[in-house]
Amino acid sequence: MALTGRTALLAALGSLPVGIVAPSWTGMLAVNAPLSLAILCDYALAAPVRSLQFTRSGDTTVRLGDQAEVQLSVVNPSRRRLRAHLRDAWPPSSWLPGTEHASSRHELTVPPGERRRLSTVLRPTRRGDRKAEQVTVRSYGPLGLAARQGSHRVPWTVRVLPPFTSRKHLPSRLARLRELDGRTSLLTRGEGTEFDSLRAYVPGDDVRSIDWRATARQSAVAVRTWRPERDRHVLVVLDTGRTSAGRLGDVPRLDAAMDATLLLTALAARAGDRVGLLAYSRRVRARVQGRATGEVLAAVVDALTPLEPELVETDARGLVAAALAHAPRRSLIVLLTSLDAAPVEEGLLPVLPQLTQRHTVLLAAVSDPQVAGMADARGTVDAIYEAAAGAEAEAQRRRTADKLKRYGVVVVDAPPDTLAPALADAYLALKAAGRL
Amino acid sequence: MTAVTTPSSPSTSTSVTPHQVWLRTRGLLLAVLLLVVAAIALAATRSGDQHGRLDPRSAGPYGSRAIAELLKDHGISFRVVTTLRDATTAAGSDTTLLVTTPNLLTPHQQNTLRTATSGTVGRTVLLGADPTSVSRLAPGVQAKPPASVVTRPPACLLPAARRAGSVETGGVRYDANGLDAIACYPAAGLPSVLLLRQPAGGDTVLLGSADFLYNERLDRQGNASLALQLLGSRPHLTWYLPSLTDPSATGGPADDGNADNNTANGESSFIGLIPSGWLWGTQQLAVAAVLAAVWRARRLGPLVTERLPVAIRASESTEGRARLSRKANARDRAAASLRHATRTRMASLVGVSPREAHLPAVLLPALSARIGPAPGDLDVLLFGPAPAEDSALVLLADRLDSLEREVRTS
């Protein structure tokens, strides 16, 4: 049962006859009794809400920043016309702040026995799964004085994928990859290349690359071409512990690390390498293993989507053990973690040799542009102390990175917007150097 | 025509069905029903005693039909009134006005009653009036804490009392200090029956307890005699039983219909001056306001909650350290950090390895070679002691910046 503004207005207008014509209990009864009767009749004549039937359809995935459309079809099986306000409730982060009200409310008229379709447009502001909450219908009577109200649970989930903003860097890195790759065939042999094919000699080719044995078998001069090694193994290890929860601007460190992960995955999959993913804090939180190159990016996106940072200290020993278990063959292990002194020196450094003795290790960390800004602050005494603290923090990071480099670890330390291309470049450099 | 058959999927509705409502509330309803039945049963079994107390029409133990019949037999005209208006109009020179429960009257009613009776030569009998009632109905008399109701001798010169002899009296005791009064039936020194003569010729009788008027007690001792003499002194008796339906009990001074009384006193409130149409109209507006509140209070579905991620700024610890050093005035540490950072940056500019950047013997000659003759004291600027005050620290930062700029541009 719900009332409308019209009811209150009628009651207010009723004060005129009560005040002027009959200022007594009789007058009030003469006004309010018909009004109550009208409300009850209206309530009785409103289309029932309980028997409505709902089905959903529409988008199930959307990239963060894009909009998703979810359809809701309403069947009115009763013999009364449904005039209603409908609220399709979703969690607040499904819409831009301030637009929740307008986006979730619908006005609806369904003639008896018919079906109508509504469409709710979502614009999620955070990554993860958005589950539909209740659908609430307020069905008004023919007079618009009273309404029946009820809710239905019509489940639907829209998965909000990471935005992958760094995909704009993919074409340039792919071009670099092609330079390394056999498609722009290399005639020079070196580390990190493998035999690709024989082809006929054309003037200008390096004579050192002529394959004399093949030339002897054929009538023409043949040269060997080389291409970068393929089918290397790359394992991206994502640290989702407390250090990944810190926010840079409005996004946590983890999201910047995910962006870099996606670019690296896309690039490595194109380069023909096998990519695996492991997210770890004190337990394995997500893993992708043994996927074909064509579907690995989708699998990684799917695995990353529901991940949120956990406010626990990362178990470095367990992380290394899990990484070793996931990388049976020689691999490039990309550790996306932090360069804070304490977690690295106390947790990671003692167990790092287990990784480096067999694998190539690349450690990527997201640096905080705000700390860099603090280091440049000048003018007031407070600013100088901030600058000193900022400079100290940066020096600390550098020292930690130096310690890691002594173990043969490649360190990439970049602010969130350049981490992804920097990591991709580091990967390409390692690939070119044949260190995969 | 195709009728809608049973839906293929189970209902998605989350609202409770009437059946569920019944299941949930039946226990409560049962409890309420039991409570009501118990209350009715208790009322039926226990209410007999006090019902019709002092009512001249009641034949129960606490009624007063016996004395009423006796008075009628003695030729006294008898009338029962329930409103103050009837009581005051009945008050007159040849009338006895019996107020059975003066304590139930509102202060305003008591004042009205006093005004109406003080000018007559009739008699007013008040039963068990307590201190607040006495102060209004019989000014000057003081009511004292009650005594138990037992048989007491008259101990006074009042003829009626002397004739009646011992009577069961008690209850509230009165002290008419300095007034023209006859005090009878004293209980522990103070009278429980007091006859107060009025200046106009009438009198007021204060009875501490009404017990001797009850049917069940009237035949004991001299109860009936005293009652007949006190109530039968005038040819008419008005028996006033105050009731809640009396309009003068609910309304204020201006609302009891006794208009001339109000205008005589010159007191009329703001509400009394407003035409009743406005009051009733406002009442209807209040109904509208309640409806509007119900309209606005109903939400379209429940609030949706969501787990929010933690919001910790990554730079928090660095900012905290800055504030901590500021509070501790750690100028030495701040200066060392700034110098260290500048030396590290400049070392790469002038071709000194990071490892040797903090050795004065290596860095200073390299810098001098880059920017020519050293402007001032490079040694003190880069490796000197900590500044002694905050302004010197700000100055140090500026000088380090300008040196770095110079190295960069040279």
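Listed residues A:Q354, A:Q396; which is open to solvent by 10 Å² or more (accessible area, probe 1.4 Å) and under 30 Å from A:R230 (Cα atoms)?
Every option except A:Q354 fails the conditions.
Looking only at residues in region A:362-389 that are surrounded by fewer than 23 Cβ atoms within 10 Å (Cβ to Cβ), without any contact (Cβ under 8 Å) to a residue 60 or more places away in the chain and not in a loop (DSSP other than H, G, I, E, B), which one is farthest from the chain's Cα centre (by Cα)?
Looking at the filtered set, the residue picked out is A:V381.
Given the conditions (1) in a helix (DSSP H, G or I); (2) in contact with a Leu (Cβ under 6 Å, 6 or more places away or on another chain); (3) within 13 Å of chain B (Cβ to nearest Cβ), report the number of the one that A:S93 does not fulfil.
The failed condition is (2).
Taking the options A:P353, A:P328, name whichever one is more than 29 Å from B:L393 (Cβ to Cβ), outside any helix (DSSP H, G or I) and out of contact with any Ser or Thr (no Cβ under 9 Å at 6 or more places or on another chain).
A:P328
Name the single residue that is surrounded by the most Cβ atoms within 10 Å (Cβ to Cβ) among those in region B:162-207 being closer than 23 Å to B:D130 by Cβ and in contact (Cβ under 8 Å) with a residue 60 or more places away in the chain.
Among those residues, the one meeting the criterion is B:L206.
So which pairs qualify, if the first residue must be in region A:97-125 and on the phi > 0 side of the Ramachandran plot, the second must be surrounded by 13 or more Cβ atoms within 10 Å (Cβ to Cβ) and in a loop (DSSP other than H, G, I, E, B), the Cβ gap must be under 7 Å, and the two must be at least 6 apart or on different chains?
A:G113/A:N76; A:G113/A:P77; A:G113/B:V4
Collect the residues in region A:15-39 that are surrounded by 16 or more Cβ atoms within 10 Å (Cβ to Cβ) and either within 7 Å of chain B (Cβ to nearest Cβ) or in contact with a strand residue (DSSP E or B) (Cβ under 6 Å, 6 or more places away or on another chain) (or both), keeping them in residue-number order.
Across region A:15-39, the qualifying residues are A:S15, A:V18, A:G19, A:P23, A:G27, A:M28, A:V31, A:N32, A:I39.
Can you go through A:R83, A:R87 and tell me which one is within 30 Å of B:V287 (Cα to Cα), within 9 Å of another protein chain (Cβ to nearest Cβ) and in contact (Cβ under 8 Å) with a residue 40 or more places away in the chain? Before you say what the answer is, go through the steps one by one.
Working: A:R83 fails: within 9 Å of another protein chain (Cβ to nearest Cβ).
Result: A:R87 is the single residue among A:R83, A:R87 that is within 30 Å of B:V287 (Cα to Cα), within 9 Å of another protein chain (Cβ to nearest Cβ) and in contact (Cβ under 8 Å) with a residue 40 or more places away in the chain.
Please go through region B:131-154 and pick out each residue that is in contact with a strand residue (DSSP E or B) (Cβ under 6 Å, 6 or more places away or on another chain) and either assigned to a loop (DSSP other than H, G, I, E, B) or aromatic (F, W, Y) (or both).
Passing the criteria: B:A138, B:V141, B:P154.
Among the candidates A:R291, A:R242, A:R270, single out the residue that is among the basic types (K, R), in contact (Cβ under 8 Å) with a residue 40 or more places away in the chain and away from chain B (no Cβ under 14 Å).
A:R270
Of the conditions (1) assigned to a loop (DSSP other than H, G, I, E, B); (2) touching a residue at least 40 places away in the same chain (Cβ under 8 Å); (3) not β-branched (V, I, T), A:D413 fails just one. Which one is it?
(1)
Mind checking which residues of region B:51-89 are in a helix (DSSP H, G or I) and open to solvent by less than 20 Å² (accessible area, probe 1.4 Å)?
The initial filter retains those residues of region B:51-89 that are in a helix (DSSP H, G or I), namely B:65-73, B:84-89.
Residues satisfying the conditions are B:I67, B:A68, B:L71, B:L84, B:A87.
State all residues of region B:146-161 that are open to solvent by less than 60 Å² (accessible area, probe 1.4 Å), under 45 Å from the mean Cα position of the chain (by Cα) and over 19 Å from B:E216 (Cβ atoms); if no residue qualifies, say none.
B:A147
Suppose the filter is facing chain A (nearest Cβ under 8 Å), out of contact with any Leu (no Cβ under 7 Å at 6 or more places or on another chain) and open to solvent by 60 Å² or more (accessible area, probe 1.4 Å); does B:A311 pass it? Before the answer, list the steps.
Details: facing chain A (nearest Cβ under 8 Å): yes; out of contact with any Leu (no Cβ under 7 Å at 6 or more places or on another chain): yes; open to solvent by 60 Å² or more (accessible area, probe 1.4 Å): yes.
Judged against the criteria, B:A311 is a match.
What number of residues within region A:126-145 are within 25 Å of the chain's Cα centre (by Cα), surrounded by 17 or more Cβ atoms within 10 Å (Cβ to Cβ) and in contact (Cβ under 8 Å) with a residue 60 or more places away in the chain?
4
Counting only residues that are open to solvent by less than 10 Å² (accessible area, probe 1.4 Å) and in contact with a helix residue (DSSP H, G or I) (Cβ under 7 Å, 6 or more places away or on another chain), which one in region A:308-332 is farthest from B:E306 (Cα to Cα)?
Among those that are open to solvent by less than 10 Å² (accessible area, probe 1.4 Å) and in contact with a helix residue (DSSP H, G or I) (Cβ under 7 Å, 6 or more places away or on another chain), it is A:L332.
Starting from residues that are of a type in the set (S, T, N, Q), surrounded by 18 or more Cβ atoms within 10 Å (Cβ to Cβ) and not in a helix (DSSP H, G or I), keep the ones in region A:146-178 and report whichever is farthest from the other protein chains (Cβ to nearest Cβ).
Among them, the one singled out is A:Q149.
So which of A:S103, A:S78 ends up being within 11 Å of another protein chain (Cβ to nearest Cβ), over 22 Å from the mean Cα position of the chain (by Cα) and crowded, with 16+ Cβ neighbours inside 10 Å?
The conditions single out A:S78.
Does region A:417-433 include one or more residues that are surrounded by 18 or more Cβ atoms within 10 Å (Cβ to Cβ), closer than 25 Å to B:P354 by Cα and within 10 Å of chain B (Cβ to nearest Cβ)?
For region A:417-433, residues surrounded by 18 or more Cβ atoms within 10 Å (Cβ to Cβ), closer than 25 Å to B:P354 by Cα and within 10 Å of chain B (Cβ to nearest Cβ): absent.
Taking B:L382 as the residue in question, decide whether it is more than 23 Å from A:D340 (Cα to Cα), in a helix (DSSP H, G or I), modelled with pLDDT under 90 and in contact with a Ser or Thr (Cβ under 9 Å, 6 or more places away or on another chain).
On the way: more than 23 Å from A:D340 (Cα to Cα): yes; in a helix (DSSP H, G or I): yes; modelled with pLDDT under 90: yes; in contact with a Ser or Thr (Cβ under 9 Å, 6 or more places away or on another chain): yes.
Judged against the criteria, B:L382 is a match.
What pairs come out if I take residues in region A:194-222 that are polar (S, T, N, Q) and pair them with residues that are not in a loop (DSSP other than H, G, I, E, B) whose C-beta lies under 8 Å away, six or more apart or interchain?
A:S197/A:R224; A:S197/A:T225; A:S209/A:V223; A:S209/A:R224; A:S209/A:T225; A:T215/A:A222
Given the condition buried (at least 21 other Cβ atoms within 10 Å of the Cβ), of a type in the set (A, V, I, L, M) and assigned by TED's automatic domain parsing to the domain that holds B:L359, answer yes or no: does some residue in region B:328-335 qualify? Break it down into steps so the answer makes sense when it comes.
Residues of region B:328-335 that are buried (at least 21 other Cβ atoms within 10 Å of the Cβ), as a first pass: B:331, B:334-335.
If we keep only those that are of a type in the set (A, V, I, L, M) too, we end up with B:334-335.
Among the residues that remain, those that are also assigned by TED's automatic domain parsing to the domain that holds B:L359 are: B:334-335.
Yes, there is a match, as at least one residue in region B:328-335 is buried (at least 21 other Cβ atoms within 10 Å of the Cβ), of a type in the set (A, V, I, L, M) and assigned by TED's automatic domain parsing to the domain that holds B:L359.
Counting only residues that are assigned to a loop (DSSP other than H, G, I, E, B), within 9 Å of chain B (Cβ to nearest Cβ) and either under 30 Å from A:A298 (Cα atoms) or open to solvent by less than 70 Å² (accessible area, probe 1.4 Å) (or both), how many does region A:40-63 have?
Total satisfying the criteria: 3.
The values are calculated or read from the model by the stated rules, or taken from the named source; none is laboratory data. Not measured: the values here are computed from a predicted model. Using ideal geometry, Cβ is built from the backbone for each residue, glycine included, and neighbour counts are taken over all protein chains shown. Accessible surface areas use protein heavy atoms only, side chains included; no ligands, DNA or RNA. Shrake-Rupley method; radii C 1.70, N 1.55, O 1.52, S 1.80 Å.
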